[in-house]
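Okay, structure first, notes after.
The values are calculated or read from the model by the stated rules, or taken from the named source; none is laboratory data. All values derive from a computational prediction rather than experimental measurement. Quick reminder, even Gly has a Cβ in these numbers, built from the backbone with ideal geometry, and neighbours come from all protein chains shown.
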Amino acid sequence: MISPVDYSVVKTEVGMLKALAELETLKPKVQQLKAKDPHELCRCVDAEAMVLSAELFYRSALVRKESRGFHFREDFPKTDNANWLKWTVVRNVKGQMEVSTEDIPMEQYPYKPE
């Protein structure tokens, strides 16, 4: 399973780090997949996309030290608008994921959180 329920629904730093470690073992295996026909090629591409999506999910979730909406961290159970009303941004920097945050331009939106 790419995103185990134990690490995905109620998240903790320890669980997400375990999930990322498991993903690291899958990444080289995905690169070795081969296809005999277009249908198998689609499955190979899907597998690669699932591993990439799971890594994006966990790396982004690790950075956010709060709970918000469906993102619930057991180790940070409260929403923290003062520090975390931000967008999480992931960039590809020389083949590595770089996760950062950006302030949301709240002045552009008519509705603002309390």
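Can you report the number of residues in segment 47-79 which are modelled with pLDDT of 95 or more and exposed (fewer than 11 other Cβ atoms within 10 Å of the Cβ)?
Total meeting the criteria: 2.
Please return the ranges of helices (runs of 4 or more DSSP H) entirely within segment 1-94 where 2 or more residues are closer than 25 Å to Met106 by Cα and not aromatic (Phe, Trp, Tyr).
Helices (runs of 4 or more DSSP H) meeting the threshold: 38-63, 81-84.
Can you work out which of the residues in segment 30-70 that are farther than 25 Å from Glu102 by Cα and charged (D, E, K, R) is nearest to the chain's Cα centre (by Cα)?
Glu48
Could you check how many residues of segment 90-114 are touching a strand residue (DSSP E or B) at 6+ places or on another chain (Cβ under 8 Å), touching a residue at least 12 places away in the same chain (Cβ under 8 Å), surrounded by 10 or more Cβ atoms within 10 Å (Cβ to Cβ) and not polar (S, T, N, Q)?
Summing the residues that are touching a strand residue (DSSP E or B) at 6+ places or on another chain (Cβ under 8 Å), touching a residue at least 12 places away in the same chain (Cβ under 8 Å), surrounded by 10 or more Cβ atoms within 10 Å (Cβ to Cβ) and not polar (S, T, N, Q) in segment 90-114 gives 4.
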